[in-house]
2 protein chains.
Amino acid sequence: MAARPGGHNLAVMNGPKEKVLTLDTMNACVKRVEYAVRGPIVLRALELEQELRQVWPWAHHSPPDSTQQPASHGTGAFGSGKAHSVCVPPPSSQGVKKPFTEVIRANIGDAHAMGQKPITFLRQVLALCVHPDLLNSPDFPEDAKRRAESILQACGGHSLGAYSNSSGIQPIREHVAQYIQRRDGGIPADPNNIFLSTGASDAIVTVLKLLVAGEGRCRTGVLIPIPQYPLYSAALAELNAVQVDYYLDEDRAWALDVAELRRALCQARGHCRPRALCIINPGNPTGQVQTRECIEAVIRFAFEEQLFLMADEVYQDNVYAEGSQFHSFKKVLMEMGPPYSTQQELASFHSISKGYMGECGLRGGYVEVVNMDPAVQQQMQKMMSVRLCPPLPGQAVLDMVVSPPEPSDPSFTQFQAEKQAVLADLAAKAKLTEKVFNAVPGIRCNPVQGAMYSFPRIELPPRAIQRAKELGLAPDMFFCLRLLEETGICVVPGSGFGQREGTYHFRMTILPAAEKLRPLLEKLSQFHAKFTREYS
Amino acid sequence: MAARPGGHNLAVMNGPKEKVLTLDTMNACVKRVEYAVRGPIVLRALELEQELRQVWPWAHHSPPDSTQQPASHGTGAFGSGKAHSVCVPPPSSQGVKKPFTEVIRANIGDAHAMGQKPITFLRQVLALCVHPDLLNSPDFPEDAKRRAESILQACGGHSLGAYSNSSGIQPIREHVAQYIQRRDGGIPADPNNIFLSTGASDAIVTVLKLLVAGEGRCRTGVLIPIPQYPLYSAALAELNAVQVDYYLDEDRAWALDVAELRRALCQARGHCRPRALCIINPGNPTGQVQTRECIEAVIRFAFEEQLFLMADEVYQDNVYAEGSQFHSFKKVLMEMGPPYSTQQELASFHSISKGYMGECGLRGGYVEVVNMDPAVQQQMQKMMSVRLCPPLPGQAVLDMVVSPPEPSDPSFTQFQAEKQAVLADLAAKAKLTEKVFNAVPGIRCNPVQGAMYSFPRIELPPRAIQRAKELGLAPDMFFCLRLLEETGICVVPGSGFGQREGTYHFRMTILPAAEKLRPLLEKLSQFHAKFTREYS
């Protein structure tokens, strides 16, 4: 309802009424939440896209958020956006020609939005599940039909429109267990320890929610890596838990250092009760892939220090660097034998949003819990039941991901070819990113061993840092906003993920199409040089 | 990991290690959560289905949860299940022939699971969106293809696999606004006030989360109807807010009485700070449809008492009784004019899970907020962005629900016919339910004016109540468990929804297929008579 003439007077006539829900009266924990991946920089990107459409109405690129009206919503809620408006050109800039024709969203790991095609088999089976009349069509391979039939068989009324069990469709939980067992060289997995979820985020928040307790100095502390994926900081803020930062070692390609874990833990014990340790492997935003030795050391540390382990392993299929290999926490834990294998509590998360499939929009994932107290596991199941069930299309696609076509199946060859093409392409882009950035003075980029992002460190001249401070912005936020304004490239400042004081970074996805990525990287590098000159 | 011989000794050798996460150390708020709709009675139903498959392996009914192993999970987490095991036959009963061949799940509003067919148009368009190769198929009507194309046009990379805007795909928000405007006789709706969600539950919890604040006597209180849909009590327990009960008037067909609202509010003000009022209309579990006068009175009350209004209107398409009509809170609010229309805060929820579509498994819904503080609305958007976006298949189906085929479209006739058939069938079943129950001594059933449930009151003999107490069960839980054991009919005891002290009810869906419903109702009525005799 827009304000109408007279509306204000009328309100006064009736006595100005305070709203029930205001910034002052609302949930203070929610207010503290920040989420940089969709923060002020992205809202500004949306605005720019709108402005571009006014100048270049024939622009073919029409991204999902482009018709939003961010101007009316501002950016204040996103934490670091307070002073962002200072940096945004006045409304008169709208309709003014930009030095670019398209905004490139390298801010979020959204593969399909960047042009990656869905894997055919996944979509064939999902279409058959959605509209079973197609089971009579000659245009679908037999194994896709068989798969769709078996998924529907496990659905109430044979429909994806029925609720499933809150923990997910039982045969799919069983397939997930078999997948984990194959992945982990035969170490068994129990379907009853697997809970399907609405993307990995949902399951991560669920487990964190179980862990929070206590007041004051007894509040639950959760160790998270810095830099981190900001779901963790956001969820901990919302749950009023204490975020305990441990820094990854940029000089060792963002490796995790147990001595640093110990430092963080000791320090935290002074003001909270640390109870959980979160690991992201392969790393987001770092791209680091942990060695087996590192994982063993982390498990030993968690065991000795009585910490619940949370392993965010959503990029387990995204390992590119030679010599790097994904080792699941579950496998290493089990191979370490008792008492670790029999006692150490672990939750491991996976998702259909990343890997080679990139099915973010379907919101599918799972968590496997290991050595969880059975009574707590019941509580977890109960909590999930309140939200009824994860979306069934995401469950169905998860089924295909964990149980892909076999060599004897008609879809096998195409499936493998598509999967390998996506992964090879990502590997090439990971290498290219590192190479181009490292050729630029003032930018230093660790190898992108895995995941979907580079997180290069940038040098910023003191005058730029000064200028940012005057504007009330983090220096790398200032850099990223200027980059966006001048090139249309949207990346997320390192301050949104956390970084050592006095260092500056940004996160950029490696997802843009190969032919776009090189010019993009070069444009970004040139902008950095220009920016450095401007403030030197 | 099952316990292995020697495992215990080993643990002792290494020193018995306390788990990090136990019932004693976990989040106490989560522990307090109860959710009867999927509580102990449903877990027992799952067990029975498993047992039936052993006795009747040819049983065709294969519901989604049936392969779960509830025995290993117990039922303790579901609150009232503590003493439930007392009532469950010993393991030796497994494999013993039951006096029924199939468990009938009348516990949850899951239309497709009860045999309702999906609406063809919805599934055609969704299949086209999922697998756009089908756009070339001659087997789909033109309007379905056009719709799929326009939805994909609004998706990143033209794929349902891309993330959308966290508030939902913008053109779909606009269609929702147009739908609301048509529904409300032309009163405008602003797309920026509409947020798509993962089913209505997700949005309800989001709004409640914004509202909770304060400690001790300043804790947020939220008024909810009794009987209620237990999502509300569960969410309030989890958020550590105070549940403030107001009783619906069973003698006036479960009508809402403002005097009772006032009583509840006054009483609550002694120990908390009531800030929100939840309404479920049409009622779940009551089936009551509120009159326009009642809604006006509620709005006036909320305005005077400074309460944020939450209107759960997910059954807005499910109104059957003659003389009953759905009035949206938004429409009534706007028609009341200032200061109500300009100041009263309201959130209204809708879903694709109910109505005539019953697409629960896709998890789609929306909330419209009215007169919300813009700064708070930004906070809400931020909070939603942490979870990235609602599932896109649910968003797509919501688009069709709010913007169905027009009379000139090829799919119009079939769409209308299917929709009307479902609604007419539900209306007939609502009437039948009331009629059969009211013919039985000791059962009294208010008219099922809307929604999908009957909530009849049952008389229970004092000796049955006594026996239940001995077993540590709520008397109606005892009745429902016995009903399940002896007839296979699964309904939810009234104690899971709340009821006046000393009264007993159960909630039963009206969803079973017409040919099954009558025998089912009769079986249930006969069981009540037998049960009454047994304990008299």
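Which residues' amide hydrogens lie under 5 Å from the amide hydrogen of B:D317, considering only partners 5 or more residues apart or on another chain, with H built in the peptide plane?
Correct list: B:G355.
Kindly rank A:148-155, A:364-371 from highest to lowest mean number of other beta carbons found within 10 Å of each residue. Before the final figure, lay out each step's value.
Working: A:148-155: 19.2, A:364-371: 25.1.
Packing order, densest peptide first, comes out as A:364-371, A:148-155.
I'd like the interface area for chains B and A: accessible area of each alone minus the complex, both sides summed, 1.4 Å probe, protein heavy atoms only. What is it in Å² to the nearest 100?
Summed over both sides, the interface buries about 10700 Å².
Add -39500 (n - 2.57) for each DSSP H run of 4 or more in chain B, then divide by its residues: what number comes out at 222 nm, to the nearest 500 deg cm²/dmol? It would help to have the intermediate numbers written out before the result.
Details: 20 runs with 225 residues, N = 536.
Computed mean residue ellipticity for chain B: -13000 deg cm²/dmol.
Considering Cα pairs under 8 angstrom that are at least six residues apart, work out the relative contact order of chain B and quote it in whole percent.
19
Suppose all protein chains stay in the model; what accessible area per residue would a 1.4 Å probe give for chain A, in Å²?
That works out to 35 Å² for each residue.
Using only Cα atoms, what is the ratio of the radius of gyration of the protein assembly as shown to 2.2 N^0.38 Å?
0.91
Would you mind checking which residues have amide H under 5 Å from A:Y246's amide H? H placed 1.01 Å from N; only 5 or more apart, or other chain.
Amide H neighbours of A:Y246, under 5 Å, 5+ apart: A:I224, A:I226.
If you roll a 1.4 angstrom probe over the protein chains with everything in place, what fraction of the accessible area of the stretch B:444-536 belongs to carbon and sulfur, to the nearest %?
About 50 percent, which is the carbon plus sulfur part of the accessible surface.
Using modelled amide H (1.01 Å from N, peptide plane; none on Pro or chain starts), what sits under 5 Å from the amide H of B:Y366, excluding residues fewer than 5 places away?
Under 5 Å from the amide H of B:Y366 lie the amide H atoms of B:S197, B:H350, B:S351, each far enough along the sequence or on another chain.
Which residues of the stretch A:143-162 bury at least 50 Å² of accessible area once all protein chains are present, versus their chain alone (1.4 Å probe)?
Checking the loss per residue gives A:G161.
Using +1 at the C-beta of Lys and Arg and -1 at the C-beta of Asp and Glu, which of A:G270, A:I352, A:P285 has the Cα lying farthest in the positive direction of the dipole of the stretch A:241-357?
So the residue we want is A:G270.
Convert each backbone phi in the stretch A:491-496 into a coupling constant with the Karplus relation 6.51 cos²θ - 1.76 cosθ + 1.60 (shift: θ = phi - 60°), then list the ³J(HN,Hα) values in order as whole Hz, x for Gly and Pro.
Per residue, the Karplus-derived 3J(HN,Hα) values read 10, 9, x, x, 4, x Hz.
Suppose we keep just the alpha-carbon trace of the stretch A:163-402; what are its Rg and Dmax in angstrom?
16.8, 49
List the residues of the stretch A:242-279 for which accessible area in the full set of protein chains is at least 20 Å² lower than for the chain on its own; 1.4 Å probe, protein heavy atoms only.
When all protein chains are present, A:R275 each give up 20 Å² or more of accessible surface.
Between A:K17 and A:V258, what FRET efficiency comes out of the Förster formula 1/(1 + (r/R0)^6) with R0 = 60 Å and r the beta carbon distance, rounded to 0.05?
Taking R0 as 60 Å, the efficiency between A:V258 and A:K17 is 0.60.
Explain nothing, just the number: relative contact order of the stretch A:405-536, from Cα pairs under 8 Å at least 6 residues apart, as a whole percent. Working shown, then result.
Values: 161 pairs, mean separation 34.1, N = 132.
Value for the stretch A:405-536: 26 percent.
What is the average number of partner chain Cβ atoms found within 10 Å of a Cβ in A:118-127?
5
How charged is the neighbourhood of B:P274? Take every other residue with its Cβ under 13 Å from the Cβ of B:P274, and add Lys/Arg as +1 and Asp/Glu as -1. Kindly include the intermediate steps, with their values, before the conclusion.
Numbers: positive: B:R217, B:R219, B:R262, B:R263, B:R269, B:R273, B:R275; negative: B:D245, B:E304, B:E305.
Within the 13 Å Cβ shell, the charges total +4.
Hey, can you list the DSSP H helices of chain A whose Cα span along the axis is 27 Å or longer and whose average Kyte-Doolittle score is at least -0.5? Mind showing how you got there, number by number?
Values: long enough: A:412-438 (39 Å, -0.09); A:514-534 (30 Å, -0.79).
Once both thresholds are applied, what remains is A:412-438.
Hey, any idea what % of the stretch A:163-402's accessible area is carbon plus sulfur with a 1.4 Å probe?
Exposed carbon and sulfur together represent 47 percent of the surface.
Which lysines, on any chain, are close to B:K209 with Cα under 26 Å apart, when same-chain ones fewer than 8 places away are left out?
The qualifying lysines are A:K17, A:K19, A:K31, A:K82, A:K209, A:K382, B:K31, B:K330, B:K331, B:K354, B:K382.
The values are calculated or read from the model by the stated rules, or taken from the named source; none is laboratory data. Just so we're clear, the structure is a prediction, and the values are computed from it rather than from any experiment. Please note: Cβ atoms are built from the backbone with ideal geometry, for glycine as well, and neighbour counts cover all protein chains shown. Note: areas computed on protein heavy atoms with side chains; ligands, DNA, RNA excluded. Shrake-Rupley method; radii C 1.70, N 1.55, O 1.52, S 1.80 Å.
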